[in-house]
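This report concerns only the one structure given below.
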Amino acid sequence: MSIIRFVHAADLHLDSPFTGLRNAAPEHVAQTLYDATFAAYENLIDLCIRERVDALLVAGDIYDGADRSLRAQHKFIDGLERLDSEGIRSFVCHGNHDPLDGWEARLNYPAGCHRFVEDFEAVPVFAEDPSRVVVHGISYWTRDVYENLVLRLGRVDSGPFSIGLLHANVGSNPDHAVYAPCTLADLAESGIDYWALGHIHTRQTLSEHRPTVVYPGNTQGRHANETGARGAYLVDVSDSGNVRLDFRPLDIVRWEHIEIDISGLDSDQHLLNAVHNSIEEKLDSADGRPIIVRLALSGRGEVSNMLRRSDAVDDLRTTINDEWAKQTPFAWCERIENNTASPLDRSARLEGVDFMAEILKTADAAGGDANLRERLRDGLPDLYQHRRFRRYLSGAAPTDEDFAAILEEAESMVVDLLSEDDKR
């Protein structure tokens, strides 16, 4: 017999608006997005019941905003009531999107649900055996919590298997706001056996053993930066305290990026074929789910001339969606990023004696000449420290890798402009 079996979820963001996309999509795509966070939550409840877990732990950001909708609150409580009727407990903490001082409807939570308050509480999972497993949790009392909340906990008593339920940014992840910042060392020193975290939307295991520290990610991707499968962890703890993690996808619709280099494509038909093949591959790997696609086109080739026509990119997107939006499951292209350029015989142009040849030679020389790269960088402070721009760019000076990409992009832009002059 295991000590406990539970599901660890976070960042449900119920009633997420998918701003901008729903208004641009056809009705059935928009409706799928409208229902996605709720349907993913229903999948979460179904998972708990199907796997006969002891408890569901939700690590914050249940709702998408402090002024959460009545619909979202009712749906959430309805799911907890389903668990309660099956004898499954639920433990909930609140994060920056759903702090305790946000608006709340007067609805009754089931007896089997425990919602944590603005200071740590220790709550046994099994009333008949309180020394078996204890959940230590804390909620945000307001949106902007910048205190290291782990320090409030101190060190827990040894004995019961201990779970910490917390919405926090561990290690100052730059992709998310630094709410309730703490370090992995802080978590380890607390004596907690399993840290059930929320806030970071990409699933990751920061520590596998003593303690196990886990972000499950969100249950439903909400924009193009949240690609791939989204869901929760089914967690089994053995009698000896060993933790086994089993990720379970719960999402309804998936976001995917497709990148196509046009360099090897010599006709518009070949471009369409490449796009269709890529979308089909993404759908085949989406576990039967519809996908929202962001398409990035790059490289040099004849196809670029077509893409430079007025409204050509919008026309391509419409053509793609006419084909795939009616499929089951559907694919919907929400944006095309056109970074293509006209064809160029670089080797031949390097042999020339014109201005373009000098540009290409300088770019090549910069790749292997550190002094030249530094001279080229000398002009950047004029931009980054300019009185009008420094408030936005200060501290954002490019790394060596960034600067190499800037040089490559600069070469491409100059070559394109000079190529246009050649055609006149």
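Annotations
- Test: residue in the stretch 401-420 that is at pLDDT 75 or above, surrounded by 13 or more Cβ atoms within 10 Å (Cβ to Cβ), over 36 Å from the mean Cα position of the chain (by Cα) and of a type in the set (A, V, I, L, M): no
- Filtering the stretch 28-37 to residues that are open to solvent by 10 Å² or more (accessible area, probe 1.4 Å) and either in contact with a Leu (Cβ under 7 Å, 6 or more places away or on another chain) or over 11 Å from Gln220 (Cα atoms) (or both) leaves His28, Ala30, Gln31, Thr32, Tyr34.
Residues are listed down the side, and each one gets a yes or a no for (1) under 28 Å from Arg222 (Cβ atoms); (2) aliphatic (A, V, I, L, M); (3) in contact with a Gly (Cβ under 6 Å, 6 or more places away or on another chain); (4) open to solvent by less than 10 Å² (accessible area, probe 1.4 Å):
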| residue | (1), (2), (3), (4) |
| --- | --- |
| Ser139 | yes, no, no, yes |
| Arg143 | yes, no, no, no |
| Glu147 | yes, no, no, no |
| Val150 | yes, yes, no, yes |
| Leu153 | no, yes, no, no |
| Asp157 | no, no, no, no |
| Gly164 | yes, no, no, yes |
| Ala168 | yes, yes, no, yes |
| Gly171 | yes, no, no, no |
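- Candidates His209, His201 - the one that is open to solvent by 10 Å² or more (accessible area, probe 1.4 Å) and either in a strand (DSSP E or B) or out of contact with any Asp or Glu (no Cβ under 7 Å at 6 or more places or on another chain) (or both): His209
- Filtered residues of the stretch 89-98 (kept if open to solvent by less than 10 Å² (accessible area, probe 1.4 Å) and part of a loop (DSSP other than H, G, I, E, B)): His94, Gly95, Asn96, Asp98
- Residue among Ala229, Ala188 that is open to solvent by 20 Å² or more (accessible area, probe 1.4 Å), touching a strand residue (DSSP E or B) at 6+ places or on another chain (Cβ under 8 Å) and within 25 Å of Glu259 (Cα to Cα): Ala229
- Unmet requirement for Arg335, which otherwise passes all of (1) in contact (Cβ under 8 Å) with a residue 60 or more places away in the chain; (2) over 30 Å from Gln31 (Cβ atoms); (3) outside any helix (DSSP H, G or I): (2)
- Among residues of the stretch 52-74, those that are outside any strand (DSSP E or B) and either in contact with a Lys or Arg (Cβ under 7 Å, 6 or more places away or on another chain) or open to solvent by 50 Å² or more (accessible area, probe 1.4 Å) (or both), counted: 8
- Exactly one residue out of Phe355, Phe330 is closer than 30 Å to Ala39 by Cβ and touching a residue at least 60 places away in the same chain (Cβ under 8 Å): that is Phe330.
- Where strands (runs of 3 or more DSSP E) fall wholly inside the stretch 99-187, the ranges with 1 or more residues that are over 30 Å from the mean Cα position of the chain (by Cα) and under 30 Å from Glu86 (Cα atoms) are 121-124, 133-137, 161-167.
- All positions within the stretch 362-378 that are under 15 Å from Ala410 (Cα atoms), surrounded by fewer than 13 Cβ atoms within 10 Å (Cβ to Cβ) and modelled with pLDDT of 75 or more: Ala365
The values are calculated or read from the model by the stated rules, or taken from the named source; none is laboratory data. All values derive from a computational prediction rather than experimental measurement. Please note: Cβ atoms are built from the backbone with ideal geometry, for glycine as well, and neighbour counts cover all protein chains shown. Keep in mind that these areas ignore ligands, DNA and RNA; they rest on the heavy atoms of the full protein, side chains included. Shrake-Rupley method; radii C 1.70, N 1.55, O 1.52, S 1.80 Å.
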